[in-house]
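Single-structure report; data block below.
The values are calculated or read from the model by the stated rules, or taken from the named source; none is laboratory data. Only a predicted model underlies this, so the values are computations on that prediction, with no experimental measurement involved. Cβ atoms come from the backbone with ideal geometry, glycine included; neighbour counts cover every protein chain shown. Note: accessible area is taken over every heavy atom of the protein model, side chains too, but ligands, DNA and RNA are not part of it. Shrake-Rupley method; radii C 1.70, N 1.55, O 1.52, S 1.80 Å.
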Amino acid sequence: HTFSFKWVRLFYMYGAGQAKNSLISQLEQAIQRNDLEFNMSGGEQLRDYLPIDLVADYLVSCSLQTEITGIINCCSGRPISVRKFVEKYLEEKNINIKLNLGYYPYADYEPMAFWGDDTKLKKILSLSNSK
């Protein structure tokens, strides 16, 4: 049987249904409790975040096309510091909570910078938009 093999690598997703110990889930819990501050690392790590609804759209686009195969990074391709990501998230929700930066040390088992190359994804999206 012929088939189109794709391995879609998901980067840092956030949104409904994510693990309770993830960054945004913990931030949302702090907001719900009306905490005055949110403990986090220094926030200088660079990550590649995507909202889950966009991830779902990208997965559908990847699945329905047959031209681009192999490993496909489902990512934004644009790194953002954890601190800036949290600040932007709070700003969009109009929430004022102090960030207690440096409360947690940086994990020695995680890279300080990690983001994806979205070249294949952009090709797929341009294919699906041209139909």
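Checking each residue in the stretch 1-36 for being over 29 Å from ILE72 (Cα atoms), open to solvent by 80 Å² or more (accessible area, probe 1.4 Å) and touching a residue at least 24 places away in the same chain (Cβ under 8 Å) picks out only LEU36. Can you say whether VAL55 is open to solvent by less than 70 Å² (accessible area, probe 1.4 Å), touching a residue at least 24 places away in the same chain (Cβ under 8 Å) and assigned to a strand (DSSP E or B), as far as the supplied structure shows? In short, no. For the stretch 72-84, taking the residues that are assigned to a helix (DSSP H, G or I) and more than 12 Å from the chain's Cα centre (by Cα), the one that is surrounded by the most Cβ atoms within 10 Å (Cβ to Cβ) is identified as ARG83. The set of residues from the stretch 85-131 being open to solvent by 90 Å² or more (accessible area, probe 1.4 Å), in contact (Cβ under 8 Å) with a residue 60 or more places away in the chain and not in a loop (DSSP other than H, G, I, E, B) comprises just one member, LYS98.
For the stretch 37-49, the set of residues classified as part of a strand (DSSP E or B), in contact with a Leu (Cβ under 8 Å, 6 or more places away or on another chain) and crowded, with 19+ Cβ neighbours inside 10 Å consists of PHE38 only.
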